[in-house]
1. Listed residues Ser40, Ser7, Ser70, Ser17; which is under 12 Å from the mean Cα position of the chain (by Cα), modelled with pLDDT of 95 or more and more than 23 Å from Gly100 (Cβ to Cβ)?
2. Within the range 81-102, can you find the residues that are in a loop (DSSP other than H, G, I, E, B), surrounded by fewer than 18 Cβ atoms within 10 Å (Cβ to Cβ) and not hydroxyl-bearing (Ser, Thr, Tyr)?
3. Ser70 passes all but one of (1) surrounded by 15 or more Cβ atoms within 10 Å (Cβ to Cβ); (2) farther than 19 Å from Val5 by Cβ; (3) free of Cβ contacts under 8 Å to residues at least 60 places away in the same chain; which number fails?
4. Collect the residues in the range 45-67 that are in contact (Cβ under 8 Å) with a residue 40 or more places away in the chain and either part of a strand (DSSP E or B) or farther than 23 Å from Pro99 by Cα (or both), keeping them in residue-number order.
5. Tell me, yes or no, whether the range 102-120 has at least one residue that is touching a Ser or Thr at 6+ places or on another chain (Cβ under 6 Å), in contact (Cβ under 8 Å) with a residue 12 or more places away in the chain and closer than 14 Å to Val2 by Cβ.
6. Can you work out which of the residues in the range 20-37 that are over 15 Å from the mean Cα position of the chain (by Cα), among the polar types (S, T, N, Q) and over 21 Å from Thr106 (Cα atoms) is least open to solvent (accessible area, probe 1.4 Å)?
7. Just to be sure before I move on: is Val78 β-branched (Val, Ile, Thr), assigned to a strand (DSSP E or B), at pLDDT 95 or above and under 15 Å from Gln118 (Cβ atoms) in the structure I sent?
Amino acid sequence: QVQLVESGGGLVQAGGSLRLSCAASGRTFSSYIMGWFRQSPGKERELVAAITPDGRIYYADSVKGRFAISRDNPKNTVYLQMNSLKPEDTAVFYCAAEPGMIVRTTPSLWDYWGRGTQVTVSS
């Protein structure tokens, strides 16, 4: 069992930056794929970024060049650095985890979820 707790959301102006953190419980954090999803009203939950146990990274096209995911295994924490934020990035951001090495973009295939943190980007 893995428990995930997100932090770092908030209100920021367009062009600004935020860093999200996700603290995970459990002794096998390093063996999980860690991901960040987001969901805005009326839209489906989408995978924004993911990082595998061996450090391979996936980014959605909409955030490439602006967001950066990283993990600190000794601290059981994954981060999402978000730069050049746009109003369309406004959403609830969720941390997720699943065992394995293959990144899957379908939310229902991920095993563990945090409760989410709100990110609001004003124009």
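1. Numbers: Ser40 fails: under 12 Å from the mean Cα position of the chain (by Cα); Ser70 fails: more than 23 Å from Gly100 (Cβ to Cβ); Ser17 fails: under 12 Å from the mean Cα position of the chain (by Cα).
Unique residue meeting the criteria: Ser7.
2. The initial filter retains those residues of the range 81-102 that are in a loop (DSSP other than H, G, I, E, B), namely 83-86, 90, 100-102.
Now drop any that are not surrounded by fewer than 18 Cβ atoms within 10 Å (Cβ to Cβ), which leaves 83-84, 86, 100-102.
Once the filter is applied, which keeps residues that are in a loop (DSSP other than H, G, I, E, B), surrounded by fewer than 18 Cβ atoms within 10 Å (Cβ to Cβ) and not hydroxyl-bearing (Ser, Thr, Tyr), the range 81-102 yields Asn83, Lys86, Gly100, Met101, Ile102.
3. (2)
4. First pass over the range 45-67, keeping only residues in contact (Cβ under 8 Å) with a residue 40 or more places away in the chain: 45-48, 50, 52-54, 56, 58.
Residues satisfying the conditions are Glu46, Leu47, Val48, Ala50, Tyr58.
5. So the first thing to find is which residues in the range 102-120 are touching a Ser or Thr at 6+ places or on another chain (Cβ under 6 Å), and the list is 120.
After this cut, where a residue has to be in contact (Cβ under 8 Å) with a residue 12 or more places away in the chain as well, the list is 120.
Going one step further and asking which of them are closer than 14 Å to Val2 by Cβ, we end up with none.
Scanning the range 102-120, I find no residue that is touching a Ser or Thr at 6+ places or on another chain (Cβ under 6 Å), in contact (Cβ under 8 Å) with a residue 12 or more places away in the chain and closer than 14 Å to Val2 by Cβ, so the answer is no.
6. Ranking the qualifying residues of the range 20-37, first place goes to Ser25.
7. Values: β-branched (Val, Ile, Thr): yes; assigned to a strand (DSSP E or B): yes; at pLDDT 95 or above: yes; under 15 Å from Gln118 (Cβ atoms): no.
Judged against the criteria, Val78 is not a match.
The values are calculated or read from the model by the stated rules, or taken from the named source; none is laboratory data. Remember, predicted model here, so these are calculated numbers, not experimental data. Positions of Cβ are backbone-derived with ideal geometry, glycine not excepted, and every protein chain shown enters the neighbour counts. Heads up: the accessible areas ignore ligands, DNA and RNA and are worked out on the full protein's heavy atoms, side chains in. Shrake-Rupley method; radii C 1.70, N 1.55, O 1.52, S 1.80 Å.
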